[in-house]
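Heads up: the structure comes next, in structure tokens.
The values are calculated or read from the model by the stated rules, or taken from the named source; none is laboratory data. Since this is a predicted model, take the numbers as computed values, not measurements. All Cβ positions, even for glycine, are placed from backbone atoms using ideal geometry, and neighbour counts span all protein chains on display.
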Protein chains: 2
Amino acid sequence: MQILRVDMGTRTTSWEPLDPAYQELGGRGLTSALINREVPARCDPLGPENKLIFAPGLLTATPLVNTSRISVGTKSPLTGGIKESNAGGVFPLALARCGIAGLVVEGAPGDQGPFLLHIQEGETYLEEAQDLKGMRTYRLVEILKERFGKDVAVMCIGPAGEYGLSCASIQSTDVDMRPCRAAGRGGLGAVMGSKGLKAVLVSTKGRSGPTLSDEASFKEAAKLFSALIKKNPFTGRMLPTMGTACLVAPVNNLGAFPSYNARKGVLEGWESVSGERMAEVIKERKGRPTHMGCSQCMIHCSNEYVDPDGNYLTSSLEYETIWAMGGMLGISDLDTIARLDFLADDIGLDTMSTGVAMAVAMDAGYKRFGDTKAAIEMMEEIATGTDMGRVLGNGPSAVGKHFGHDRVPVVKGQSIAAYDPRAMQGNGVTYATSPMGADHTAGNLIGQYLSGNLDPLSPEGQVEASRRAQVSVAALDCTGLCLLAGGAMFSPEGSELMARMLGNRLGKKIEWEDVLEMGRSVLKAEKEFNRKAGFTKEDDRLPRMFRNEPLPPHNKVFLIEDDDLDKTFDFLEI
Amino acid sequence: MQILRVDMGTRTTSWEPLDPAYQELGGRGLTSALINREVPARCDPLGPENKLIFAPGLLTATPLVNTSRISVGTKSPLTGGIKESNAGGVFPLALARCGIAGLVVEGAPGDQGPFLLHIQEGETYLEEAQDLKGMRTYRLVEILKERFGKDVAVMCIGPAGEYGLSCASIQSTDVDMRPCRAAGRGGLGAVMGSKGLKAVLVSTKGRSGPTLSDEASFKEAAKLFSALIKKNPFTGRMLPTMGTACLVAPVNNLGAFPSYNARKGVLEGWESVSGERMAEVIKERKGRPTHMGCSQCMIHCSNEYVDPDGNYLTSSLEYETIWAMGGMLGISDLDTIARLDFLADDIGLDTMSTGVAMAVAMDAGYKRFGDTKAAIEMMEEIATGTDMGRVLGNGPSAVGKHFGHDRVPVVKGQSIAAYDPRAMQGNGVTYATSPMGADHTAGNLIGQYLSGNLDPLSPEGQVEASRRAQVSVAALDCTGLCLLAGGAMFSPEGSELMARMLGNRLGKKIEWEDVLEMGRSVLKAEKEFNRKAGFTKEDDRLPRMFRNEPLPPHNKVFLIEDDDLDKTFDFLEI
């Protein structure tokens, strides 16, 4: 496996062997280590000193299922800190099959571009493509398909990324070659835009990949691991039938679904946007309630949402989007949410940060909660780059500043996710302390709350639970495994299998404790970078609204003391 | 002397005696102590928990000249930290003559208002004035004059304050009842707007004021002090003939006049905007090159700038404005700068932060440097509250974010002033470490550079010089003395006289060291507040552009190490 460096300043590419110190790193482990070592922590995130790094996981392109995941790392223009955003699709597998452990994009081409980077096994081409400038992603991918054929995987940006907006995503094509998967959070699309890169195309015909010590033994473990995924009721039954939207009902039942810009914990009419209802609607309309989005996926959490006439509206309508583009805006119309989801993918925007930005605007009185037309118009403003569109596309904090409005549910500038910290206290610990800013994928305790192992409303045990989750997930993000398969990985049997497969991949004996140590190293690198960038424990705080405003229906506030938050990362000793 | 509290939530006012602990505090000493004690450090600056406090100096309304200065304190919406902004005019004297040591505005009226607060000796009236909503300040003051007569001093906001913009100022009327003096920095106008307060009117007929132990002795000292002001070549000769614009020539000669958004240290064509040239132009056009702006002023740094036909254009065209609205924008046309100055006063905007915001927009390519028409149009955008106007009116950082542009010369969100830290290293120390954000009035070393006592380009001695200046100025800001008379106050003879007058005023023996201790206490309260608000030493840093980009013509960067910056406030031990 090699590192492919692309200097957008000189438009040159070079292949280099993986530094011996980094041989055992993959995914988030590799991106965070490289960003921490190579990027000046106080640089302009949109300047030439920043780097954008794509790294498949250690187990991507092995026989293990659900490992077509990629970590994209950079210094984030949204948070000002280090960022790893994780995406699926077909690109991660394709990149690993071209023998690439990490694609490092550096420098900046000034006014030139945009460019296309085309990668094949051992070969790269960089070409200017001015005709694609400003193009939305669905149309872009159609054109790329015409020019390059079907056998390419694409990660690309829409106009939002070209504008340099802090909500801009990098979109990744799925198995049907639609740009509907995203490395959404942290404004990665803006960094890609600042590099003058419109799209990276990778041939899906590569035949390289990581070497295994004992392929037969690996396959045996991978098979047992697949069985665990299948057996788990979440990955085996709920996700295939309803996708991640299966969470709408239980989280509303827990009163933890932040709605109307986090004024309430339940969305009125949530039943009409639940996973159950969505599956019914799609079935009635003859869409695909279950759909495979990523290479090697056996969970099939994706879907194809269609209009009443059966026409494609969007793919992979997810829980977090239903929350951000629905609950937060007081919108309980699934067709509108599907339309907003499509627009976000097409413009190249994180559905979560963008939804929350619109929610803050509504909360400030700019538009009325529940106004579906206004929501779609706001998305089009972002797409066309109007002044107000730029404000919205720069995220919730920019909107709060614009209107002098203080109810901005973010940490380090990044919006919370669909779990209110007042009704799921431990998720608040993760939001506050994760080096990523508020991030549900960095350590989500929903599983423990739903299983009754932890009281979501009590401050007891939340710091410990968040710490464990953050370490575990940081380790998972090194492997390339999909987070949704975390239930299998963190089971007693699964953790042993995972250690065995990683040992097989790295050619050495690996225990579960070594895997967790991998997670700790990731967090350490990330915290180090953020410290150099100027972050202190004062940045590990939730906004005051969560301490001051009790959330209906439980009418609780966030209860974890600052001193306890500061204990979350005690173990790092940095 | 009393405290007058106005609760804008309940629209009630109350008089209360000054807390014994605060008996010896005035001006910035009083505002910073009260803000530190009474305002929750993490509150929304535009929310009801914040307070806006007006406090004349300890010596305001005594026989000492040049003491009609007021400190306005609050938690700043621009910096997020504590703020003291100092203004002159007739209001400070009038307020003190009504026996008021501090006017504390608290709460918020929600959607109601705007209101007028009318203060007479011992009496207050609060009335709604919806007809004045959105009105610019010159027209507003005209109407107030019609309604309330000439014997009122006014501090008021324009549309910018009502919009809640972070560059919004509070304008103060001068001796000719023109709203051309300003408490400009830190967005105080937005806080006043959030309180629903359009204007505070104070009768100039009050006959109260501070008690002196020995009036004859005070008068004697005051007379000697006046003689020092007169004798000093800066206050006695340069300021009366050219105003503060007398600095344009020497600072350009030092290569320290940040121009074209701080890309150069000299403005091409600076000669046409120099104090010498301005005085000539005003004289030729039969305006008033020398003019008295504040009550009891003997310096007369103000002027009345007129157009070629002798019509009023603006009053008190100052050095910092010529820099921010001229040098930073690449504009060397004095008539345009005068027009921009008038617009800023009329809309209620800090000329400095607003000028730098426009400079960042030009630097990002939004408009061309030197485009006078574009500059005036941008001001009108702010006045009418367009989306782009709000971005500009929220200051340089908001503009940088909007355009994804990193060349934003601010500290803690507040723009630098007309002394580039690369060519005046010690001013950089003050910008970085002052609790106010980048602020030239918090500790300006220009006098030492011009007199040759300190090398502006060397890192040697700058931290010590900035520390001394910051302590001295914090003390001066407690007295009500105009900063321009600082030369007299900090002379050996003047400091003795000042200690004597303060002792007379406070009824106890006071040494110069006690005066400095007063300054240290102010800084301690301010640093304490900022620490509670989440600031750390990482916030005491200049932006990277000053370290990375050598400034022509000297081609130096900012040289003071971070560790040395952190020593500036060693003595506080907080």
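Yes or no, residue by residue, for (1) touching a Lys or Arg at 6+ places or on another chain (Cβ under 8 Å); (2) surrounded by 23 or more Cβ atoms within 10 Å (Cβ to Cβ); (3) not assigned by TED's automatic domain parsing to the domain that holds A:G122:
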| site | (1), (2), (3) |
| --- | --- |
| A:G189 | no, yes, no |
| A:G193 | no, yes, no |
| A:K198 | yes, yes, no |
| A:P210 | yes, no, yes |
| A:D214 | no, no, yes |
| A:F218 | yes, no, yes |
| A:L224 | no, no, yes |
| A:A227 | no, no, yes |
| A:K230 | no, no, yes |
Would the stretch B:145-160 turn up any residue that is in a loop (DSSP other than H, G, I, E, B), outside the structural domain of B:N394 (by TED's automatic domain parsing), buried (at least 24 other Cβ atoms within 10 Å of the Cβ) and not acidic (D, E)?
yes
Before we move on, is B:D514 surrounded by fewer than 22 Cβ atoms within 10 Å (Cβ to Cβ), part of a helix (DSSP H, G or I) and either under 22 Å from the mean Cα position of the chain (by Cα) or not aromatic (F, W, Y) (or both)?
yes
What pairs can you find where one residue is in the stretch B:341-368 and aromatic (F, W, Y), the other is assigned to a helix (DSSP H, G or I), and their Cβ atoms are less than 7 Å apart, with a gap of 6+ or different chains?
B:Y366/B:F403
In the stretch B:540-553, which residues are within 14 Å of chain A (Cβ to nearest Cβ) and in a loop (DSSP other than H, G, I, E, B)?
B:D540, B:R541, B:L542, B:P543, B:R544, B:E549
Does B:F571 qualify as being farther than 28 Å from B:E38 by Cβ, part of a helix (DSSP H, G or I) and out of contact with any Cys (no Cβ under 7 Å at 6 or more places or on another chain)?
no
If the requirement is being within 14 Å of chain B (Cβ to nearest Cβ) and of a type in the set (G, A, S), which of these qualifies: A:S397, A:S451, A:S434, A:S415?
A:S397
Going through the stretch B:337-365 in order, the residues found to be within 16 Å of the chain's Cα centre (by Cα) and among the hydrophobic types (A, V, I, L, M, F, W, C) are B:A344, B:L349, B:M352, B:V356
Verdict on B:D111 being within 14 Å of another protein chain (Cβ to nearest Cβ), within 21 Å of B:A168 (Cα to Cα) and at pLDDT below 95
yes
Look through A:K532, A:K556, A:K567, A:K537 and report the one residue that is in contact (Cβ under 8 Å) with a residue 24 or more places away in the chain, under 25 Å from A:I82 (Cα atoms) and either more than 14 Å from chain B (Cβ to nearest Cβ) or β-branched (V, I, T) (or both).
A:K567
When B:V152 is run through (1) in contact with a strand residue (DSSP E or B) (Cβ under 7 Å, 6 or more places away or on another chain); (2) more than 22 Å from B:W15 (Cβ to Cβ), the failure sits at (2)
What pairs come out if I take residues in the stretch A:433-458 that are closer than 17 Å to A:I560 by Cα and pair them with residues that are of a type in the set (D, E) whose C-beta lies under 6 Å away, six or more apart or interchain?
A:T433/A:D540
The correct count of residues that are out of contact with any Phe, Trp or Tyr (no Cβ under 8 Å at 6 or more places or on another chain) and either more than 14 Å from chain B (Cβ to nearest Cβ) or farther than 30 Å from A:V410 by Cα (or both) in the stretch A:187-207 is 6
Total residues in the stretch A:2-55, condition touching a residue at least 60 places away in the same chain (Cβ under 8 Å) and crowded, with 23+ Cβ neighbours inside 10 Å
17
Take the residues of the stretch B:554-568 that are in contact with a Leu (Cβ under 9 Å, 6 or more places away or on another chain) and in a loop (DSSP other than H, G, I, E, B): which is nearest to B:F257 (Cα to Cα)?
B:H554
Scan the stretch A:358-394 for residues that are farther than 18 Å from A:G326 by Cα, in a loop (DSSP other than H, G, I, E, B) and more than 9 Å from chain B (Cβ to nearest Cβ) and jot them down.
A:G385
All positions within the stretch A:158-174 that are out of contact with any strand residue (DSSP E or B) (no Cβ under 6 Å at 6 or more places or on another chain) and within 14 Å of chain B (Cβ to nearest Cβ)
A:P159, A:E162, A:Y163, A:G164, A:L165, A:S166, A:A168
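Check B:T137, B:T79 and return the single one that is hydroxyl-bearing (S, T, Y), surrounded by 24 or more Cβ atoms within 10 Å (Cβ to Cβ) and in contact with a Lys or Arg (Cβ under 6 Å, 6 or more places away or on another chain).
Details: B:T137 fails: in contact with a Lys or Arg (Cβ under 6 Å, 6 or more places away or on another chain).
Step by step, each of B:T137, B:T79 is checked, and only B:T79 is hydroxyl-bearing (S, T, Y), surrounded by 24 or more Cβ atoms within 10 Å (Cβ to Cβ) and in contact with a Lys or Arg (Cβ under 6 Å, 6 or more places away or on another chain).
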Check whether at least one residue in the stretch B:403-420 is assigned to a helix (DSSP H, G or I) and surrounded by fewer than 24 Cβ atoms within 10 Å (Cβ to Cβ), and report yes or no.
yes
Filter result for A:S397 (in a helix (DSSP H, G or I) and touching a residue at least 60 places away in the same chain (Cβ under 8 Å)):
no
Answer yes if at least one residue in the stretch B:333-353 is in contact with a helix residue (DSSP H, G or I) (Cβ under 6 Å, 6 or more places away or on another chain), within 14 Å of another protein chain (Cβ to nearest Cβ), in a helix (DSSP H, G or I) and crowded, with 22+ Cβ neighbours inside 10 Å, and no otherwise.
no
